[in-house]
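Trainee: This structure is in structure tokens; I'll ask about it shortly.
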Amino acid sequence: MDKKEIQKRRIMSYFIEATNKIIEEEGIEAITVRKVADLAGYNSATMYNYFENLDHLIFFTSMKYLKEYAVALPEYLRGAEDSLDKYLRIWKCFCTHSYGNPKIYQLIFFEKFCDSLKDSIREYYNIFPEELGEQPEELLPMLLKQNIPERNLPLLKTCAKDGFLQDEYLDEVNEMTLVIYQGMFTRVLKNQVDYSVDEAVDRTLLYIKKTIEAYEGPIK
């Protein structure tokens, strides 16, 4: 890494750390450009040299919380018996972390500005590759995508290749999986469930599993 890249990382980190401090102490709603710049020790104009806008900065700050999921993922996959087992374990890891911190995951995957920042996950990991942890090569394409159906489809294709569902059902199962996940996620986000995060995760996995069963008989 050359000096220019080192400087870029350092200054971006100052703004990210300042934004994170505001989130933890006052909440996301309290973030303003001026407040972040003052806390980072730079003027507002400097921030725009490194981030497109405040949404871009908030997104990058939110990515700090995605590290916990990325680092945990290999452990969840340890001992997976087949592609379907691996698929369900990936979802278990994602649900556990997203249901545990729904406001941040809402920002990363579902906010209105996500479409305009669709390459920001890849951009973030290009600048801060250590945040990705040690991942199996096969999972990197998934982890670098921001759109959940795009993250999910390659995993389903592997399950289809191994005979757990037919190719013709891939798009339907992919959409139904997102509906199941987003429905439960929204209920957790709005505090509309009267059971624990662990039970919300278990129910989501049960519904995802039953969806695949419905499209290809009993799971092998």
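The values are calculated or read from the model by the stated rules, or taken from the named source; none is laboratory data. None of these values were measured; they are calculated from a predicted model. Note: ideal-geometry Cβ built from the backbone for every residue, glycine included; neighbour counts use all protein chains shown. In case anyone asks, the SASA skips ligands and DNA or RNA and just uses the protein heavy atoms, side chains included. Shrake-Rupley method; radii C 1.70, N 1.55, O 1.52, S 1.80 Å.
Trainee: What number of residues in region 1-15 are open to solvent by 20 Å² or more (accessible area, probe 1.4 Å) and not in a loop (DSSP other than H, G, I, E, B)?
Mentor: 10
Trainee: Go over the candidates Val188, Val197, Val193 one by one and state the one that is within 24 Å of Ile108 (Cβ to Cβ), in contact with a Gly (Cβ under 8 Å, 6 or more places away or on another chain) and either open to solvent by less than 30 Å² (accessible area, probe 1.4 Å) or touching a residue at least 60 places away in the same chain (Cβ under 8 Å) (or both).
Mentor: Val197
Trainee: When you look at Tyr48, is it surrounded by 14 or more Cβ atoms within 10 Å (Cβ to Cβ), free of Cβ contacts under 8 Å to residues at least 12 places away in the same chain and out of contact with any strand residue (DSSP E or B) (no Cβ under 9 Å at 6 or more places or on another chain), yes or no?
Mentor: Answer is yes for this residue.
Trainee: Follow-up question, since we're still on this one. I'm trying to understand the selection: among the residues of region 45-59, which are over 16 Å from Asn101 (Cα atoms) and not aliphatic (A, V, I, L, M)?
Mentor: If the condition is that a residue be over 16 Å from Asn101 (Cα atoms) and not aliphatic (A, V, I, L, M), then Thr46, Tyr48, Asn49, Tyr50, Phe51, Glu52, Asn53, Asp55, His56 are the ones that fit.
Trainee: Looking at (1) in a helix (DSSP H, G or I); (2) exposed (fewer than 15 other Cβ atoms within 10 Å of the Cβ), find the lone condition where Glu81 falls short.
Mentor: Here Glu81 clears every test but (1).
Trainee: Can you tell me which residue in region 51-71 is farthest from the chain's Cα centre (by Cα), limited to those that are open to solvent by 60 Å² or more (accessible area, probe 1.4 Å) and within 21 Å of Arg151 (Cβ to Cβ)?
Mentor: Per the criteria, the residue is Val71.
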